[in-house]
Amino acid sequence: MITVNTEESPWHAGMTVRALLDEKVFTFRHIIVRVNGEYVPEEQYDSYPIKDGDDVMVLHLMAGG
Amino acid sequence: MEFERYLRNQNAISPQEQALLAQKRVVIIGCGGLGGYLLEQLGRLGVGFIRVVDPDNFEESNLNRQLLSSTLNLGKPKVLAAKHRMLAVNPLVEVDAIQEGMTAANATDLLAGCDLVLDALDNIPDRFILQQAAKTAQIPLVHGAVAGWQGQVCLVLPGQDLLNLIYGDSEEYSGEEQETGTLAFTVGLIASLMTAISLQTLLNKEIPERKLLLLDAKNLEFTKLSLPISSSKQQWAGRD
């Protein structure tokens, strides 16, 4: 299991940031991803591995007011 | 008159706290969606002085969400509408209407003499200018932002630089709202939560620190994330 925005979520071998975003349907254009506190740039989404037990944060970029 | 006006604030707010609120001074940066609701609520609560800052005039596209806008004041300054509104709602509140855009050059002056500042801006770069100004002024910043059905609120105490964690390394000007719009109920919800945080802070109540509250109105979900203590904007714990 991994944690995504404080909620437990299933993990599978070979999971990348991109795979997680697709599974969770995080389809918004402006998002910020951190894995165990480390900022993951967008260009690394396809390769950045997510390990069992990781703590993932996905924030939508919001700026309206 | 004053007692009657604030009767229904009791006993959530004690008479002593009500008197304290009348002494408090806040500044709202941005007088659009969030700003209009913030003025309304803070004014009705009885905050003694509210400075509103916005360079813009009302446009037709504001009417879907901006409380102070109406078909009668299109083309008129937003801050002027703010002043008139509070005169009608609660003349005990002093409104200082400043029709200027906040910049790095004037931000410190705009915050001068205030106990707390509210972020009702509509873009990311200006929020970093505001965070720096609040840090310089050593006053709390109540952050809020919306996009479509989603929104977020966070209390930023001087020096915490929590916007660095929330917006990360992004050099974007705007966020999801460019695609998902800005809706009246999301703006109202986020402004209400910002008001609650402001009230607690102005009354020196203890509130949980370093929390980012995320609203997803479509799925009726709130998520509270903990923001870690870190000097680096790369750091994040994310667990609460």
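The values are calculated or read from the model by the stated rules, or taken from the named source; none is laboratory data. Being a predicted model, the structure only gives us computed values, none of them experimental. A quick note on method: Cβ atoms are made from the backbone with ideal geometry, for glycine too, and the neighbour counts reach across all protein chains shown. Side chains are part of the model used for accessible areas, which takes the heavy atoms of the whole protein and leaves out ligands, DNA and RNA. Shrake-Rupley method; radii C 1.70, N 1.55, O 1.52, S 1.80 Å.
For this structure, a couple of remarks:
- Count of segment B:34-72 residues which are within 16 Å of B:Asp122 (Cα to Cα) and of a type outside the set (A, V, I, L, M): 14
- Residue check, B:Ala120 open to solvent by less than 10 Å² (accessible area, probe 1.4 Å), of a type outside the set (Lys, Arg) and touching a helix residue (DSSP H, G or I) at 6+ places or on another chain (Cβ under 9 Å): yes
- Residue that is surrounded by the fewest Cβ atoms within 10 Å (Cβ to Cβ), among those in segment B:124-154 that are under 11 Å from A:Gly65 (Cβ atoms) and more than 8 Å from every other protein chain (Cβ to nearest Cβ): B:Asp126
- Against the conditions (1) touching a residue at least 60 places away in the same chain (Cβ under 8 Å); (2) touching a Gly at 6+ places or on another chain (Cβ under 9 Å), B:Ser69 satisfies every one except (1).
- Inter-residue pairs, beta-carbon under 7 Å, first away from chain B (no Cβ under 14 Å) and among the acidic types (Asp, Glu) and in segment A:46-65, second open to solvent by 40 Å² or more (accessible area, probe 1.4 Å) and part of a loop (DSSP other than H, G, I, E, B), 6+ apart: A:Asp52/A:Trp11
- Number of the condition not met by B:Glu221 [criteria: (1) modelled with pLDDT of 95 or more; (2) more than 26 Å from B:Leu42 (Cβ to Cβ)]: (1)
- Across segment A:35-50, the number of residues qualifying as out of contact with any Pro (no Cβ under 8 Å at 6 or more places or on another chain) and on the phi > 0 side of the Ramachandran plot comes to 1.
- Cβ-Cβ distances below 8 Å connect the following pairs, each with a first residue in segment B:205-224 that is among the β-branched types (Val, Ile, Thr), a second residue that is open to solvent by 40 Å² or more (accessible area, probe 1.4 Å) and not in a strand (DSSP E or B), and a separation of six or more residues or different chains: B:Ile207/B:Gln200; B:Thr223/A:Thr6.
- Filtered residues of segment B:155-189 (kept if within 14 Å of B:Phe128 (Cβ to Cβ) and open to solvent by less than 10 Å² (accessible area, probe 1.4 Å)): B:Val156, B:Leu162, B:Leu163, B:Leu165, B:Ile166, B:Tyr167, B:Gly168, B:Gly175
- Looking at segment B:1-109, the helices (runs of 4 or more DSSP H) lying wholly inside it that each contain 1 or more residues that are in contact with an Asp or Glu (Cβ under 7 Å, 6 or more places away or on another chain), within 14 Å of chain A (Cβ to nearest Cβ) and under 21 Å from B:Val187 (Cβ atoms) sit at B:33-45, B:78-89.
- Selection count where residues are farther than 22 Å from B:Pro228 by Cβ and open to solvent by less than 40 Å² (accessible area, probe 1.4 Å), scope segment A:31-65: 4
- Any hit, segment B:84-101, residues being over 25 Å from B:Gln132 (Cα atoms) and among the small types (Gly, Ala, Ser): yes
- Filtered residue count, segment B:209-228, keeping only those that are surrounded by 12 or more Cβ atoms within 10 Å (Cβ to Cβ), part of a loop (DSSP other than H, G, I, E, B) and not acidic (Asp, Glu): 4
- Among the residues of segment A:1-30, those identified as open to solvent by 70 Å² or more (accessible area, probe 1.4 Å), without any contact (Cβ under 8 Å) to a residue 12 or more places away in the chain and within 12 Å of chain B (Cβ to nearest Cβ) are A:Glu7, A:Glu8, A:Val25, A:Thr27, A:Arg29.
- Cβ-Cβ under 7 Å pairs, at least 6 apart or on other chains, segment B:112-128 side among the acidic types (Asp, Glu), far side open to solvent by less than 60 Å² (accessible area, probe 1.4 Å) and assigned to a loop (DSSP other than H, G, I, E, B): B:Asp115/B:Lys24; B:Asp115/B:Ile139; B:Asp122/A:Ala63; B:Asp122/A:Gly65; B:Asp122/B:Gly30; B:Asp122/B:Gly32; B:Asp126/B:Met102
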